[in-house]
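> Dropping a structure here in structure tokens format, bear with me for questions.
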Amino acid sequence: MMKAIKKRMKFSPPLVIAGSFASLIFLGTLLLKTPFATTHAISWTDALFVATSATTVTGLSVFDPGTTLTTFGEILLLILIQFGGIGLMTFAVAVLMLFGKKVGFQNRIYLQESFNQQSVGGMIKLVKLIFIFVFSIEAVATLLLALHWMPRFGLGHGLYLALFHVVSAFNNAGFSLFPDNLMQFAHDPIVNLVLSGLFILGGLGFTVVMDLHYKKSFREWSLHTKIMIVSTIVVNVISILTVFLLEYANPATLGAMSLPEKLMASYFQGVTPRTAGFNTINYGDMHNSTLLFTMLLMFIGAGSASTASGIKLTTFIIVLLTTIAFLKGRTEPEVFGRSIKIETVIRSLAITTISLLLVIFFIFLLTVSEKLSFLPLAFEVVSAFGTVGLSMGVTNQISDLGEVFLSIVMFVGRIGPLTLFFLLMKVKKVNYRYPYEQVHTG
């Protein structure tokens, strides 16, 4: 019996995925503690926190990476971000393919779990396309940004800064080598458009990008792709307008800017909360209403099988559609002429409920361990769960215990709440049901 359980655990896809991220975090922590990685000694908890933040492509940091890390440390951070964004298992399979080795069925199952696919068919082809797509996009974006930054920072350093920020943006990490993140580029259209384009694209999800590549018309797209594209556009437009209206007269954020500058800053801060974590204005100066709205966006997150986290945009849309279906007296949610299975609805509700409970639980823990105000702590937890990386400027004030709490939140946010649930619980399918009985709700 024990052998059967051990065998099941050994090959459990959720366990392997979680283990791959944990291993990368452990290795990153050890390397960040070496004297080659930092300009001065950092604590083990600081090393763990930043390694976790990079591997889970979050972007929260307890120190300024540009001044605390050496070139070796910055490159290490870059590698953790790239591996964490695409997934260690994806890289492992790519190495096997590179050396002409056969990719076994078990590895294909791991890939299926990583990219949330319905079957193992076509996984090798998907991995090839992902690598071609990722490195092609990053190469082109690096060239564009380097040409823009080279006159200001020099040939070599301009290219290096461009590469770092492009990888950080595409993988939705939000790490920057500038002490003010991207606030000095708040009115720079090239920086704003290139980096935002990268994290929006990375946040759509690889399967959506592949679907767009092979199917040119809206009618041919899968239902998942249709929901992602339409909802991304709608949510981004609402977010941009909301930030613009709420912060329009705030003298500490948009108030002192011209109308074009306000529109540029509103655009960037409207699209970044669900995915990246870069900021061109100071979140600590924003109105509470804007911060609360930003927390909602961070909790929702971006696309499934993308480099971002959160409950995922499709999950939020399905919960919304289910509510609308109930109000209309329908038994199943419908969208674009298709019905959504009850299993998908239940999964979406489970993800949302578990995620909400986890966020509330860790907010409670931080309010116990920290002496800071409630809103900055709540903002920090939601940002960590969504692996966004935005902060009201209190990350470096968090205690060692608080850093451990946030590291756990980032890890859970990256692997997904359901993956954590399947790791902790023994799931057993049953082929029976009990009789129905009425329960009063509402």
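The values are calculated or read from the model by the stated rules, or taken from the named source; none is laboratory data. The shown structure was predicted, so the numbers you read here are calculated from the model rather than taken from an experiment. With ideal geometry, Cβ positions are generated from the backbone for all residues, glycine too; neighbour counts draw on all protein chains shown. For the accessible areas, the whole protein counts, side chains as well, though only heavy atoms, and no ligand, DNA or RNA atoms are used. Shrake-Rupley method; radii C 1.70, N 1.55, O 1.52, S 1.80 Å.
> How much of Ile360 can a 1.4 Å solvent probe reach, expressed as accessible area in Å² and rounded to 10?
Counting only protein heavy atoms, Ile360 exposes about 100 Å² to solvent.
> Separation of segment 178-202 and segment 244-305 by C-alpha centroid, Å?
Cα centroid of segment 178-202 versus Cα centroid of segment 244-305: 13 Å apart.
> Using a/c under 1.5 as the rounded threshold, could you call segment 228-321 rounded, prolate or oblate? The axes a ≥ b ≥ c are square roots of the C-alpha gyration tensor eigenvalues, and prolate needs a/b larger than b/c, oblate otherwise.
In terms of gyration-tensor shape, prolate.
> Tell me, what is the FRET efficiency for Thr367 and Leu144 to the nearest 0.05, using R0 = 41 angstrom and their Cβ-Cβ distance as r?
That gives a FRET efficiency of 0.40.
> Read phi for every residue in segment 233-240 and hand back ³J(HN,Hα) as whole Hz from Karplus 6.51 cos²θ - 1.76 cosθ + 1.60, θ = phi - 60°, with x for Gly and Pro.
Each residue's phi maps through the Karplus curve to give 5, 5, 5, 5, 5, 4, 5, 4 Hz.
> While we're on this one: Distance from a point 7 Å along Cα→Cβ of Asn396 to each backbone N in segment 274-307: keep the residues under 11 Å and list them by number.
none
> What shape does segment 248-392 have by the C-alpha gyration tensor, where a ≥ b ≥ c are the square roots of the eigenvalues, rounded means a/c under 1.5, and otherwise prolate means a/b greater than b/c and oblate the rest?
Because a/c hits 1.5 or more and a/b fails to exceed b/c, segment 248-392 counts as oblate.
> Moving on to the next point. Would you please give the residues with an amide H less than 5 Å from that of Leu69, counting only those at least 5 places away or on a separate chain, with H modeled from the backbone geometry?
So Leu69 has HN proximity to Thr39.
> If I ignore ligands, DNA and RNA and count only protein heavy atoms, how much of Arg274 is accessible to a 1.4 Å probe, in Å² to the nearest 10?
Its heavy atoms expose roughly 10 Å² to the probe.
> For Thr70 and Thr39, compute 0.36 nm times the residue count separating them, minus their Cα-Cα distance, and round to one decimal in nm.
Extra length available between Thr70 and Thr39 comes to 10.6 nm.
> Could I ask something else about it? Excluding residues on the same chain fewer than 8 positions from Lys262, give the aspartates and glutamates whose Cα lies under 17 Å from its Cα.
Straight-line reach from Lys262, under 17 Å: Asp188, Glu247, Asp285.
> Pull out a ≥ b ≥ c, the square roots of the eigenvalues of the alpha-carbon gyration tensor of segment 134-199, then state rounded if a/c is under 1.5, prolate if not and a/b is larger than b/c, and oblate in the remaining case.
On the way: a/c = 1.41, a/b = 1.08, b/c = 1.31.
Taking the square roots of the gyration eigenvalues as a ≥ b ≥ c, segment 134-199 is rounded.
> Tell me the relative contact order for segment 237-381 as a rounded percent, counting alpha carbon contacts under 8 Å between residues six or more apart.
For segment 237-381, the relative contact order is 15 percent.
> Is there a pair in Lys216/Lys341; Lys312/Lys341; Lys128/Lys341; Lys226/Lys312; Lys128/Lys216 whose C-alpha atoms are over 23 Å apart, and which pairs would that be?
Lys216/Lys341; Lys128/Lys341
> I'd like the accessible area for Val191, computed on protein heavy atoms only with a 1.4 Å probe and all protein chains in place. Round to 10 Å², please.
So the heavy atoms of Val191 present about 0 Å² to solvent.
> Further question: Can you tell me the relative contact order of segment 251-328? Whole percent, Cα pairs under 8 Å, sequence separation 6 or more.
22
> Summarise the accessible area of segment 132-234 (1.4 Å probe, protein heavy atoms) by the percent that is carbon and sulfur. If you can, show how the numbers build up before the last one.
Details: 3190 of 4320 Å².
With neighbouring chains kept in place, the figure for segment 132-234 is 74 percent.
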